[in-house]
Amino acid sequence: MVNGVLFRVRTGVPWRDLPERYGSWKTVYERHRRWSADGTWDRILHSVQADADLAGRIDWSMVGVDSTSCRAHQHAAGARKTRPRVPKKGRRPGTTAPTRDSDGPGAA
């Protein structure tokens, strides 16, 4: 089951495309979801990191995050530059026909 989750994380395949050698994709997905929700994956990570740190296999001076490499999506770049087009009085947005309540032809 753990190998199935690791395979999916490593390759990025959809859950339904998980190879059968890892078992039912539903079982792997459900266990992964439960373990994520209850903190099991966090405990596993902290345990592995603690063992590696105790053995001297982690050089913490090389660990860091550089925020200059973080980028926003292009749609998050800012607000609209032009004002949105406001439909004329008596017209519905997205149409050119007058509404029934307007002063256009056929108005009562």
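Taken together, the values in this text are just the output of simple stated rules run on the coordinates, not laboratory data. Being a predicted model, the structure only gives us computed values, none of them experimental. A quick note on method: Cβ atoms are made from the backbone with ideal geometry, for glycine too, and the neighbour counts reach across all protein chains shown.
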Between Trp15 and Asn3, what length comes free when the chain is fully extended (0.36 nm per residue of separation minus the Cα-Cα distance, one decimal in nm)? 3.0 nm
Considering the alpha-carbon set of the range 1-76 alone, what are its Rg and its Dmax in angstrom? 16.7, 45
Cβ density ranking, 10 Å radius, fewest first, applied to His32, His46 yields His46, His32
Provide the gained length on full extension for the span Asp51 to Ser36, in nm with one decimal, where the gain is 0.36 nm per separating residue minus the Cα-Cα distance. 3.3 nm
Using alpha carbon centroids, what distance separates the range 1-27 and the range 33-52, in Å? 18 Å
Work out the FRET efficiency for Met62 and Thr82 from their Cβ-Cβ distance, taking R0 = 35 Å, and round it to the nearest 0.05. 0.15
